[in-house]
Amino acid sequence: EALSSIAEVSQCTILSRAAEEEIGGKLVIAEGKKELFDWAGPTGTTVIVENLFFNTPARKKFIKGLKSELNRIKDTIFALAIANSNIQFKVNIDNKIAFVFEPADTLQRIAQIYGNEMADNLLYGSLSDLHCTIEGYCTKPNYYRSNRSLQFLYVNHRPVQFPYFNFILQQVYQTILQKGQYPAAFIFCTIKPDLIDVNVHPAKKEIRFFDNNYIHSMIYNFANKLISGTIHAFPIKHNDTQLQNKNITTASNANNYTDNNTPPLLYTQPNVNPQTLIHEAQHLYTQLHNKDYSVIGTIFGSYVLIQKENNLYIIDFHAAHEKKLFDYLTSIDSVSAVQQLLMPVVMELSPDLLIHIHSYKDILTKYGIIIDQFDEHSIVINAIPDFCNTNDIEGLMRDIVGSLHENKNSLNNIKIKIIEKIACHSAKRANDIITQDDIIAIADYVLSTNDYRCPHGRPFVYIVSKSELERFFKRS
């Protein structure tokens, strides 16, 4: 049925020869005409489809750009390759081999496509009853992705869309993963054909079960069994005898230790130069004397307190800094200053992610992230924006790659997501050193904007008025 439909809108050639035959056949189909020739090629069947939609120009107009169509092709091939791991899949793009997946078991095939890190963080299980068998893989509780793109359900080895599948996984992991974190899953359901309806969708992508609640509970129980079987408490065992015999020196016996004892650590008041404190205070005052607000200080290593007129502003520094960087990046055409890494970071990626990252290399370069191909499985990161944090470059890139996969069909969404990730990873975090200049820059930004939410949608300012405080303390 599918092959017939394809042949109607393309120039199609089918080459086929059975092992027991000396001569096979070559069928050429074009514009409704069929021609059959003898063919003495290798055993097996080859289907060649060329000039798709050449005879239906109206349909051809709906084809998206090259990158989008390649992504769709890739996703389709990957889904089929996982369901048929015993078959070799080889993909050429522009006469170059993009990837080759040799025959393997299911877990090895997942590793071929999505990398060894993914395969190493999967749990396997199975669950059966009278009507169906469910088996497959879910990620460990401590491993997650930034999107739902790797949540696959196969029914009788056909990749399908089940409306409740993502919701079921969310229910299982909701007490384990935080908001914005998603598990990966490769779940195979084997069920009697007469208990399902595959004719819901023309492409048979969707499926209707004889009882949705039954399948819902089966998938939930399967995934929950995997997760509950991996959560253990590992108590730390102390040597109580050693603790009891430990010679603990206190201030009261600090002068009584012998050569066999470790000298105590005593706290001494540091020498503070009063002139230094005065200088710091004067420096802060010099910076603030032209401002219409005053900085009270920082608390808990995360929040900045500012008073302006009769209002107290409590600012989440990380979220505010992230929003400030986000606004800056969206206002410029490209990042002008980058920092070349003294030690370039080599990062291994799965074949699907390699395709994504190279497809958007120009956009990454525009925002200061310069990458190159390192080998057939890896990229090398040579430079990042000058304001970007160098402590977790690989984490930044993994978040960016995940966003590219999630928003692969929207160029504008891709740009925004890249900017979001750069801003998030560049912003100062809790307990980072915050200078006076940092505080003033954030205070100026906060008091100049009316949008008090970071790119993730979280608020970063809480304003308390003097009258609110007086009402609370019953002073009004």
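The values are calculated or read from the model by the stated rules, or taken from the named source; none is laboratory data. On a predicted model such as this, the values are computed, not experimentally measured, just so you know. FYI the Cβ positions are ideal-geometry reconstructions off the backbone, even for glycines, and counts take in every protein chain you see.
Give me a count of the residues in segment 205-241 that are at pLDDT below 80 and among the small types (Gly, Ala, Ser).
So the answer is 3.
Quick check on my filter: what residues within segment 26-59 are closer than 30 Å to Val198 by Cβ, in a strand (DSSP E or B) and not basic (Lys, Arg)?
Scanning segment 26-59 gives Leu27, Ile29, Gly44, Thr45, Thr46, Val47, Ile48, Val49, Glu50.
Listed residues Pro163, Pro159, Pro103; which is closer than 26 Å to Ser228 by Cβ and not basic (Lys, Arg)?
After applying the criteria, what remains is Pro163.
Can you run down the residue pairs with Cβ atoms below 7 Å, 6 or more apart or on separate chains, where the first is in segment 1-23 and closer than 14 Å to Thr45 by Cβ and the partner is small (Gly, Ala, Ser) and surrounded by fewer than 17 Cβ atoms within 10 Å (Cβ to Cβ)?
If the second residue must be small (Gly, Ala, Ser) and surrounded by fewer than 17 Cβ atoms within 10 Å (Cβ to Cβ), the pairs left are Leu15/Gly41; Ser16/Gly25; Arg17/Gly41.
Pairs needed: first member in segment 302-328, assigned by TED's automatic domain parsing to the domain that holds Ile414; second member anywhere, of a type in the set (Asp, Glu) and in a strand (DSSP E or B); C-beta distance under 8 Å; at least 6 residues apart or different chains.
Final answer for the pair search is Ser302/Asp316; Tyr303/Asp316.
Given the structure, is Ala81 free of Cβ contacts under 8 Å to residues at least 12 places away in the same chain and either assigned to a strand (DSSP E or B) or aliphatic (A, V, I, L, M) (or both)?
Against the criterion (free of Cβ contacts under 8 Å to residues at least 12 places away in the same chain and either assigned to a strand (DSSP E or B) or aliphatic (A, V, I, L, M) (or both)), Ala81 does not qualify.
Consider Ala104 against the criteria (1) hydrophobic (A, V, I, L, M, F, W, C); (2) modelled with pLDDT under 90; (3) out of contact with any Pro (no Cβ under 6 Å at 6 or more places or on another chain): it satisfies all of them except one. Which criterion is unmet?
In the conditions (1) hydrophobic (A, V, I, L, M, F, W, C); (2) modelled with pLDDT under 90; (3) out of contact with any Pro (no Cβ under 6 Å at 6 or more places or on another chain), Ala104 misses (2) alone.
Which one is surrounded by the fewest Cβ atoms within 10 Å (Cβ to Cβ), of the residues in segment 98-122 that are in contact with a Lys or Arg (Cβ under 7 Å, 6 or more places away or on another chain) and under 16 Å from Leu353 (Cα atoms)?
Val100
Kindly indicate which of Ser448, Ser403 is hydroxyl-bearing (Ser, Thr, Tyr) and assigned to a helix (DSSP H, G or I).
The conditions single out Ser403.
With respect to Asn92, is the statement that it is part of a loop (DSSP other than H, G, I, E, B) and either among the polar types (S, T, N, Q) or surrounded by fewer than 14 Cβ atoms within 10 Å (Cβ to Cβ) (or both) true?
Judged against the criteria, Asn92 is not a match.
If Arg145 satisfies all but one of (1) surrounded by 17 or more Cβ atoms within 10 Å (Cβ to Cβ); (2) of a type outside the set (Ser, Thr, Tyr); (3) under 30 Å from Thr45 (Cβ atoms), what's the number of the condition it fails?
(3)
I'm told Lys417 meets every condition in (1) among the basic types (Lys, Arg); (2) free of Cβ contacts under 8 Å to residues at least 60 places away in the same chain; (3) surrounded by fewer than 17 Cβ atoms within 10 Å (Cβ to Cβ) except one. Can you identify the failing condition by its number?
(3) is the only condition that Lys417 fails.
Among the residues of segment 370-379, how many are farther than 25 Å from Phe326 by Cα, under 19 Å from the mean Cα position of the chain (by Cα) and in a strand (DSSP E or B)?
Going through segment 370-379 one residue at a time, the tally reaches 2.
Find the residue count for segment 173-199, including only residues that are touching a residue at least 24 places away in the same chain (Cβ under 8 Å) and closer than 22 Å to Tyr137 by Cα.
16
Select from segment 427-450 the residues that are loosely packed, with under 14 Cβ neighbours inside 10 Å and farther than 20 Å from Leu312 by Cβ and list them in ascending order.
Of everything in segment 427-450, those that are loosely packed, with under 14 Cβ neighbours inside 10 Å and farther than 20 Å from Leu312 by Cβ turn out to be Ala430, Asn431, Ile433, Thr435, Asp437.
Would it be correct to say that Ser403 is touching a helix residue (DSSP H, G or I) at 6+ places or on another chain (Cβ under 8 Å), closer than 25 Å to Tyr144 by Cα and of a type in the set (Ser, Thr, Tyr)?
Answer is yes for this residue.
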